[in-house]
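Inspection log for the structure reproduced underneath, given as structure tokens.
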Amino acid sequence: MIPLDDEFRIGLEPWMDRAKCKGRPTEDYDIDNLPSPLLVANRRQAAAQLCQKCPVFAECAWYAYRYRIVGWVMAGIPVKLQRNEQHRAQLLGIAARAGIADAQKELSKGAA
Ligand code: SF4
């Protein structure tokens, strides 16, 4: 879920109009509303389903990476502060593999 409220003050980007989550309740993508962290498989599956077949999956991953978003499901990943580096690496990898040039540059610098 792209958090576009005042708490984050992050700007709109054109690809957001095509997001699967556009118009859905924000709370659906709040990681606190996913299955318990003790049920890791269920949690991952629930997050993946929220973003399945989203046409802007890669753009979302790059956005979440750039803006260091945590606490939301982004590109099918329940981005959690406690596992932030791992999740950031996953987001960057998704964006780079999808061909986002800036993400590829970032990855080549060894960033994540
Ligand atoms: S990948 Fe998920 S969170 Fe990102 S725009 Fe698509 S549906 Fe929304």
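Find the eigenvalues of the gyration tensor of the Cα atoms of region 10-49, then list the square roots of 5 times those eigenvalues as equivalent ellipsoid semi-axes, largest first, in whole angstrom. Before the final figure, lay out each step's value.
On the way: eigenvalues 124, 21, 14 Å².
Sorted largest first and rounded, they come to 25, 10, 8 Å.
Site pair residue 24 and residue 40 shows an inter-label distance of 2.4 nm when each label is modelled 7 Å from Cα along Cα→Cβ.
Rounded to the nearest 500, what is the 222 nm mean residue ellipticity of the chain from helices alone, with -39500 (n - 2.57) per DSSP H run of 4+ residues and division by all residues? Before the final figure, lay out each step's value.
Details: 4 runs with 44 residues, N = 112.
Helices in the chain give a 222 nm mean residue ellipticity of -12000 deg cm²/dmol.
Only lysine pairs 8 or more places apart or on separate chains count here, and in the chain those with Cα atoms under 28 Å apart total 9.
Let me know the volume per residue of the alpha-carbon convex hull for the chain, in Å³. Mind dumping the intermediate values first?
Values: hull volume 11.3 nm³, N = 112.
Enclosed volume per residue, from the Cα hull, is 101 Å³.
The listed peptides 70-80, 93-103, ordered by packing as a protection proxy, come out as 70-80, 93-103 (highest mean of other Cβ atoms within 10 Å first). Taking amide hydrogens as placed 1.01 Å from N in the peptide plane, the amide H of residue 72 sits under 5 Å from those of 31, 79, each at least 5 positions away in sequence or on another chain.
Values quoted throughout were computed directly from the atomic coordinates according to the rules given, and no laboratory measurement underlies them. The shown structure was predicted, so the numbers you read here are calculated from the model rather than taken from an experiment. Ideal geometry is used to build each Cβ from the backbone, glycine not excepted, and the neighbour counts take in all protein chains shown.
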